[in-house]
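Here is the structure we will look at.
The values are calculated or read from the model by the stated rules, or taken from the named source; none is laboratory data. Note that the structure is predicted; figures quoted are calculated from it, not measured. Cβ placement follows ideal geometry from the backbone for every residue including glycine, while neighbour counts extend to all protein chains displayed.
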């Protein structure tokens, strides 16, 4: 059986990940591909419980180390019980955030050392890396304005200020500079049709 492909979708708040994840899922299915859509943190029963701890604004104050370890604990569970088995069965995985988000949020936002994150990445993931990462990028003020109009209460990360998200965005862009062979930068402040055209262009090499 041919192993499936692993696609991740990244970006700061309000860049349109949810809308475009559904677009990508539909596009892949139209090509006859079996798709498993999932998210991080989360993706498993335990992972979703960890997600609640990480996002709940009423959770006791988490140390930066605790936050980082919880993210990787959820990821280890996700890899073992969802991602690796699905890829081995020939499914294409479409994941809303993965380890690039850890470099961005815990590395850039929380100022955790990239070397620490890299060590955990290698320990938890081994050689597994996404086949393609789509980084939706927009100025922070644009994303924050979009995020404000979403229904529901803001989570623990969404309550952070612009300074935090500027660091997150810079860390994402650094990941793009470090891994241009894997990450495709999508300008998310364009009209949706243009964004999705750029996404289709980025996906085309995998669909040949």
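Check 185, 173 and return the single one that is closer than 25 Å to residue 5 by Cα, assigned to a helix (DSSP H, G or I) and within 15 Å of the chain's Cα centre (by Cα).
Just a single option satisfies the conditions, and that option is 173.
Just one of (1) in contact with a helix residue (DSSP H, G or I) (Cβ under 6 Å, 6 or more places away or on another chain); (2) at pLDDT 95 or above; (3) closer than 28 Å to residue 26 by Cα trips up residue 107, so point out which.
Condition not satisfied by residue 107: (3).
Looking at 44, 116, 66 in this structure, which one is under 24 Å from residue 20 (Cα atoms) and modelled with pLDDT of 95 or more?
44
Which residue, of 96, 100, is within 30 Å of residue 32 (Cβ to Cβ), touching a helix residue (DSSP H, G or I) at 6+ places or on another chain (Cβ under 8 Å), modelled with pLDDT of 95 or more and surrounded by fewer than 20 Cβ atoms within 10 Å (Cβ to Cβ)?
Answer to the check: 96.
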